[in-house]
Each structure stands twice: as structure tokens, then as C-alpha cells.
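Accompanying notes for the structure given below.
The values are calculated or read from the model by the stated rules, or taken from the named source; none is laboratory data. Because the structure is a prediction, the values reported are computed rather than measured. Glycine also receives a Cβ, built like all others from the backbone with ideal geometry; neighbour counts cover every protein chain displayed.
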Amino acid sequence: MLNIWGRMSSINVRKVVWCAQELGLDFQRTEAGGKFGVVQTPEYLALNPNAVVPTIDDGEGAERVTLWESNVIVRYLCARHSLGDLYPSELPARFDAERWMDWQQTTLNRASRDAFIQWVRTPPAQRQPALIQASVCATEPLFALLDAHLATRAHVGGERFTMADIPLGCEAHRWFGLPASEYQRPAWPHLERWYAALLARPAARGVLDLSLE
Ligand SMILES: N[C@@H](CCC(=O)N[C@@H](CS)C(=O)NCC(=O)O)C(=O)O
């Protein structure tokens, strides 16, 4: 049984839950992080000394794996359960997927985070418009880049769905879910077509259809 710790309001937990659902895994999720606490307990810190979510525990005996870092967890689950499909076995396809996953974590997420935190998690009176503006200015060209990439392929890694679609799909979910009263995003037709295809995947239910609250 795969154990996942983390609250569904976290983009990083959503990646792991969606991945487990894509793979048809039997899993148990324990609420942790945010209002649920747990992450500062000695038991949790022994699993993840960063005191953040998600964390997983999987397998038994010599096969047992305890992991943190959401994109690494997605890689691990796909490698273990979907080698040659969600986890490409050919090196060019694999590292293309890896590259986009790192780009999500190090570039797109870093740019988009402030707009999300300010518009979704911060009361209006405490918001900092300069932070929002800088985040929007940094993020829109990145989504435009992804839109251009998707103009010539159905999914991030090519024609088929791979592990790379999961972190980027979760990032699109968060940006597309920004309050319409505050933000109108530019038209990104290829990105929107790709995102609609992700939303239609049965395994994305309970993840991409969640509100951001
Ligand atoms: N790079 C880490 C980031 C993990 C992270 O920052 N998680 C946030 C939620 S998205 C967290 O645990 N915040 C503290 C909390 O929820 O208590 C990953 O991808 O797993």
C-alpha cells in the first residue's frame, strides 16, 4: 500500500495523488500540512526533515521507499509502475520529460507563486500589488512558451501522455483557477486544448476539478 501525506490544497500533493490515480494504485492519503499540522511532529520529521508535504512511503522490506520532493515522487511512481509508458524508457524522450518537470519546479512555479499566494491566500487589504504584477509579468511569457511548445504536439513530451504532463497540468490548474474578478489571462489556444484533454482524463478527477481554496 502506498501512503501519501499531504493536504489536497497543495499543488505538490495534487501531483502525487493524480499520478497515483493515473497508475491505478491502491493508496491511502493522510492529511498533513497547513491547517492539519502534523509536519512538525517527530514522526513526520523522521520521514521528511523539511517539514513540508508531500511525503510518501511505499513498498516493504528491501523494496521500501520513503520519499519527499513531489516531482521525484512522480518520477519514482511512474518508473516503478509505468516504465516505457508514463516514464519513457528511451533516453531522448525520458530526458525531454525530465527537463519540463524541472522547468515546472524551478522556473514556472517560482514565477507564478506570488500571484497565487496573493490572490488566493491573502486577504485583499493585505495584498501587495507590486508582487502580483511582477509575478504575472514573469509567468505569462512562460505559459506563452509552453503554448508554443504544445502547438506541435498533443502533450508536453510528444503525442502521448507522460509523467511531464502531471506537474505542468497542476501548474496550469493553479493559474487557470486564479479569480476571474482579478485576472484575465491571455488566449493560449494550444495550452487550453491540452489542459481540456487533461481535465477529461478520469484519473484527473478529484484533482484538476478541485477549487484552489
Ligand atoms: N519542492 C517541494 C516543495 C514542498 C512544499 O513547499 N510544500 C508546501 C505545500 S505546496 C508545504 O508543505 N507547505 C507547508 C505546509 O503545508 O504546512 C516539493 O515539490 O515537494
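Points to keep in mind about this one:
- In the set (1) within 13 Å of the ligand (Cβ to nearest atom); (2) over 30 Å from Ala148 (Cβ atoms); (3) in contact (Cβ under 8 Å) with a residue 12 or more places away in the chain, Thr66 fails one condition alone, (1).
- Any hit, the range 64-75, residues being out of contact with any helix residue (DSSP H, G or I) (no Cβ under 6 Å at 6 or more places or on another chain) and exposed (fewer than 13 other Cβ atoms within 10 Å of the Cβ): yes
- When Cys19 is tested against (1) surrounded by 20 or more Cβ atoms within 10 Å (Cβ to Cβ); (2) farther than 18 Å from Ala172 by Cα; (3) more than 9 Å from the ligand (Cβ to nearest atom), just one condition goes unmet, and that condition is (2).
- Hits in the range 16-34 - residues which are outside any helix (DSSP H, G or I) and within 17 Å of Pro167 (Cβ to Cβ): Leu23
- Residue in the range 89-106 that is in a helix (DSSP H, G or I), aliphatic (A, V, I, L, M) and more than 19 Å from Gly158 (Cβ to Cβ) present: no
- The range 1-10 - residue that is part of a loop (DSSP other than H, G, I, E, B) and either at pLDDT 95 or above or within 24 Å of Trp175 (Cα to Cα) (or both) and, of those, nearest to the ligand (Cβ to nearest atom): Ser10
- Considering Asp114, Asp209, the condition of being within 23 Å of Asn71 (Cβ to Cβ), charged (D, E, K, R) and surrounded by 13 or more Cβ atoms within 10 Å (Cβ to Cβ) is satisfied by Asp114 alone.
- The numbered conditions (1) within 16 Å of the ligand (Cβ to nearest atom); (2) surrounded by 12 or more Cβ atoms within 10 Å (Cβ to Cβ) are all true for Asp85 except (1).
- The condition of being at pLDDT 95 or above, over 23 Å from the mean Cα position of the chain (by Cα) and within 15 Å of the ligand (Cβ to nearest atom) holds for only one of Thr55, Thr30, Thr41, that being Thr41.
- Among the residues of the range 32-47, those identified as closer than 20 Å to Val72 by Cα, surrounded by 11 or more Cβ atoms within 10 Å (Cβ to Cβ) and without any contact (Cβ under 8 Å) to a residue 40 or more places away in the chain are Ala32, Gly33, Val39, Tyr44, Leu45.
- Flag if Arg160 is under 28 Å from Arg80 (Cβ atoms), basic (Lys, Arg) and either touching a Ser or Thr at 6+ places or on another chain (Cβ under 8 Å) or surrounded by 13 or more Cβ atoms within 10 Å (Cβ to Cβ) (or both): yes
- Val13 in a loop (DSSP other than H, G, I, E, B), touching a strand residue (DSSP E or B) at 6+ places or on another chain (Cβ under 9 Å), within 9 Å of the ligand (Cβ to nearest atom) and aliphatic (A, V, I, L, M): no
- Top-ranked residue in the range 72-81 [being within 12 Å of the ligand (Cβ to nearest atom) and out of contact with any Lys or Arg (no Cβ under 7 Å at 6 or more places or on another chain); ranked as farthest from Arg94 (Cα to Cα)]: Ile73
- For the range 35-55, the set of residues classified as of a type in the set (A, V, I, L, M, F, W, C), assigned to a loop (DSSP other than H, G, I, E, B) and over 28 Å from Phe161 (Cβ atoms) consists of Val38, Val39, Ala51, listed by residue number.
- Trp68, sole failed condition from (1) out of contact with any Leu (no Cβ under 7 Å at 6 or more places or on another chain); (2) closer than 26 Å to Pro141 by Cα: (2)
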